Amino acid sequence: MHVYFWREAWRSFRAHRGLAVTSVVSLTAALTLCGIFVLLDHNARQALAAIGDRREMIVYLKDEVSDAQLATLMDKIRLYFGEPTYVDHKQAWSELSEQIGDPDLLSGVDDNPLPASLRVRLKPELLSFAAMEQAAKQVLEFPEVEDVRYGAEYVRRLDDFSSGMRATAWAAGAMVAVAIVMVLFNTLRLTVVARRQQIEIMLRLGATDRFIATPYVLEALMHTLLASVAALLLVFALQQGLAPRLVGLTYLPWTWSLTFVGVALAVAWVASAAALTRILRNIGS
Amino acid sequence: MISFEHVTKRYGARLALDDVTWRMEEGECAVVLGHSAAGKTTLLRLITHETQPTSGVVTVGTFRGGRLTRSHRALLRRTIGVIYEDFRLLSDRTVYENVALALYISGQHVDADVAPKVRRALQEVGLESHRDLLPAELSFGERQRCAIARAIVNRPALILADEPTGALEPKSAAEVLSLLLRIHREGAALLLGTTRAEVANVIGGRRYMLEDGRLRDATTAAPASSVARAAAPSSAKATAEPGDDATTPKHQADLFPPSTKGGA
């Protein structure tokens, strides 16, 4: 990109300061809104990942399972479903006692009724509700298995919440993209109208649409860059303000921040180029 | 170089050009005379493809007729230097930047390449000392010289001048015409549209009358000019000051009566 175009972009930026400020403020508002959703999505993902880590499948074993059968079963489960941990009768009883807390409540129970089980930490690809449901059916087919539990309803709700958050983030992103397009289109149209006479002269001198448009596209990118950085700072301030009240609320990782700016610039590039093509078609011949 | 084949141009009911067939060769000099609204500007605009003929074919170099794409139109215009009566300078750019713009548009973006060419063009029109001034700080004559520098900086083979002295007082007008003649003698074809016969007399070359949309060759009726047939490139000094050209009329004030409009 030649210095000429940057010089022209900077000249236009300075010449239409009022318009530039309006554009940057409007874009900042839209991008801040998007940034808040991205922040929520990021924290929701983190929370879901933490919860997902605790997702496990409990495989209850029949009483008559021998050690050899258990070892074979564990190998199969390890191969296809995840990492199994064996919990025998006694350990299960002890854990139940701990959870209940009051030993008197269990004093009436003579024999330990709890079966031995395998706690399976599922492979990452099996953590969705559909995959877990399918895996549970398959595990239940093994003759050594009495029953399988994986908290189906809980997992399904978790998945619904997760996809809802993602859809909301996408919808917010799409709305902001539309906002960017509209703000830039109108800013560029006003800038071009203000310089219409000059553009007509340039067309008469043989300037191509691309030559005329490039400085304006760069100017739009400057607006968007400023706005996206301002939006990230505002979101950072919001996160800092809320962090003491919402434990675990973290700011976006730098890769997310860079992606945020990059996507905003990409949208601005496409929007401004498309807008200018349309605007310049209506100027001169 | 330029040919019109049975070109007719209408603006609604008004007939601007009526079945014009005409040709201009490389390095030639021609003046189109006609009263205001006779169609001179239309003729020039047809050459730059700013407008399309209602019928007929306009060919400029290798660009033959039809509606050119925007990029082809831009390419055509970059090969022509155009000078307008109202200068068409960018008001927020200095003299230097206005001239450099033509080079940037033609794809020369490196400042180190642009600067010497602009300097040379400004020297040719005698505006080197005004390079950092804005158009509003120049007299009308200086503005037109700036526009000429912009038109010649790319060394085009064809210069179109649409009433280039229309807004100038006599002395400036004479300087501008002298400059145009010198550029023509250096090899560029020159096509000038004017309402004033005295301008045509100074420029010489082939003379055409445009009346009622009809273009008539009036060369024989015009006073003979030594420049008329001197289409071949000359070795005129590129950096000579305006007005010092050998062909500059000695009685410039007589050629441009006080009624001439404009001037600053």
### Summary
Within segment A:254-285, the residues that are surrounded by fewer than 18 Cβ atoms within 10 Å (Cβ to Cβ), within 30 Å of residue B:70 (Cβ to Cβ) and of a type in the set (Ser, Thr, Tyr) are A:277, A:285
### Message
Tell me whether segment A:120-130 contains one or more residues that are touching a Lys or Arg at 6+ places or on another chain (Cβ under 8 Å), at pLDDT 80 or above and within 18 Å of residue A:65 (Cβ to Cβ).
### Response
no
### Task
Report the residue count in segment A:7-49 for those that are within 14 Å of another protein chain (Cβ to nearest Cβ), in contact with a helix residue (DSSP H, G or I) (Cβ under 6 Å, 6 or more places away or on another chain) and assigned to a helix (DSSP H, G or I).
4
### Task
Hey, could you check segment A:177-206 for residues that are in contact with a Ser or Thr (Cβ under 9 Å, 6 or more places away or on another chain), within 16 Å of residue A:277 (Cβ to Cβ) and not β-branched (Val, Ile, Thr) and say which is nearest to the other protein chains (Cβ to nearest Cβ)?
A:203
### Summary
Within segment A:64-123, residues polar (S, T, N, Q) and either in a loop (DSSP other than H, G, I, E, B) or farther than 14 Å from residue A:146 by Cβ (or both) come out as A:66, A:72, A:85, A:91, A:94, A:97, A:99, A:107, A:112
### Task
Consider residue A:52 carefully, then state whether it is modelled with pLDDT under 85, within 30 Å of residue A:140 (Cα to Cα) and buried (at least 17 other Cβ atoms within 10 Å of the Cβ).
yes
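Among the helices (runs of 4 or more DSSP H) lying completely within segment B:84-193, list those that include at least 1 residues that are under 28 Å from residue A:6 (Cβ atoms) and among the aliphatic types (A, V, I, L, M). Show your work before the answer.
Numbers: elements: B:95-105, B:111-125, B:140-152, B:170-185.
Because the criterion is at least 1 residues that are under 28 Å from residue A:6 (Cβ atoms) and among the aliphatic types (A, V, I, L, M), the helices (runs of 4 or more DSSP H) in segment B:84-193 that meet it are B:95-105, B:111-125, B:140-152.
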### Query
So which residues in segment B:43-79 are within 11 Å of chain A (Cβ to nearest Cβ), in a loop (DSSP other than H, G, I, E, B) and small (Gly, Ala, Ser), if there are any at all?
none
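Taking segment B:30-42 as the region of interest, how many residues are assigned to a loop (DSSP other than H, G, I, E, B) and either within 12 Å of another protein chain (Cβ to nearest Cβ) or crowded, with 24+ Cβ neighbours inside 10 Å (or both)?
Here the count works out to 1.
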### Message
Can you tell me which residue is surrounded by the most Cβ atoms within 10 Å (Cβ to Cβ) among those in segment B:9-18 that are of a type outside the set (Lys, Arg) and free of Cβ contacts under 8 Å to residues at least 60 places away in the same chain?
### Response
B:11
## Note on the structure
Restricting segment A:84-94 to residues that are within 36 Å of the chain's Cα centre (by Cα) and surrounded by 14 or more Cβ atoms within 10 Å (Cβ to Cβ), the one farthest from residue A:134 (Cα to Cα) turns out to be A:86
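Starting from residues that are small (Gly, Ala, Ser) and either without any contact (Cβ under 8 Å) to a residue 60 or more places away in the chain or crowded, with 19+ Cβ neighbours inside 10 Å (or both), keep the ones in segment A:163-176 and report whichever is farthest from residue A:49 (Cα to Cα).
Taking segment A:163-176 first, the residues small (Gly, Ala, Ser) are A:163-164, A:167, A:169, A:171-174.
So of that shortlist, the ones also either without any contact (Cβ under 8 Å) to a residue 60 or more places away in the chain or crowded, with 19+ Cβ neighbours inside 10 Å (or both) come out as A:163-164, A:167, A:169, A:171-172, A:174.
On the way: A:163: 13, A:164: 15, A:167: 17, A:169: 17, A:171: 22, A:172: 22, A:174: 25 Å.
Top of the filtered list is A:174.
Can you go through A:208, A:191 and tell me which one is more than 30 Å from the chain's Cα centre (by Cα), modelled with pLDDT of 90 or more and not hydrophobic (A, V, I, L, M, F, W, C)?
On the way: A:191 fails: modelled with pLDDT of 90 or more.
Answer to the selection: A:208.
For (1) over 30 Å from residue A:195 (Cα atoms); (2) crowded, with 17+ Cβ neighbours inside 10 Å; (3) free of Cβ contacts under 8 Å to residues at least 40 places away in the same chain, each residue gets a yes or a no:
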| site | (1), (2), (3) |
| --- | --- |
| A:12 | no, yes, no |
| A:30 | no, yes, no |
| A:63 | yes, no, no |
| A:78 | yes, no, yes |
| A:96 | yes, no, yes |
| A:101 | yes, no, yes |
### Query
Going by the conditions given, is residue B:152 in contact (Cβ under 8 Å) with a residue 12 or more places away in the chain and away from chain A (no Cβ under 11 Å)?
yes
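Can you find even one residue in segment B:180-191 that is at pLDDT 85 or above, touching a His at 6+ places or on another chain (Cβ under 8 Å) and of a type in the set (A, V, I, L, M)?
Looking only at segment B:180-191, we keep the residues that are at pLDDT 85 or above, and these are B:180-191.
Filter again for touching a His at 6+ places or on another chain (Cβ under 8 Å), leaving B:190.
Next, only the ones that are of a type in the set (A, V, I, L, M) stay: B:190.
Yes, because at least one residue in segment B:180-191 is at pLDDT 85 or above, touching a His at 6+ places or on another chain (Cβ under 8 Å) and of a type in the set (A, V, I, L, M).
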#### Entry: Tabulated pairs, segment A:207-220, first away from chain B (no Cβ under 11 Å), second β-branched (Val, Ile, Thr), C-beta under 6 angstrom, 6+ apart or interchain
none
### Query
Which condition number does residue B:43 fail, the rest of (1) under 30 Å from residue B:131 (Cα atoms); (2) in contact with a Gly (Cβ under 9 Å, 6 or more places away or on another chain); (3) of a type outside the set (D, E, K, R) being met?
(1)
### Query
Only one residue in A:203, A:190, A:238 is buried (at least 18 other Cβ atoms within 10 Å of the Cβ) and in contact (Cβ under 8 Å) with a residue 60 or more places away in the chain, so which one is that?
A:203
### Failed criterion for residue B:119 (all others in (1) surrounded by fewer than 22 Cβ atoms within 10 Å (Cβ to Cβ); (2) in contact (Cβ under 8 Å) with a residue 24 or more places away in the chain hold)
(2)
### Query
In segment B:101-126, what residues are at the interface with chain A (Cβ under 9 Å from one of its Cβ atoms) and closer than 21 Å to residue B:180 by Cα?
B:101, B:102
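The values are calculated or read from the model by the stated rules, or taken from the named source; none is laboratory data. Fair warning: this is a prediction, and the values are worked out from it, not measured in the lab. Ideal geometry is used to build each Cβ from the backbone, glycine not excepted, and the neighbour counts take in all protein chains shown.
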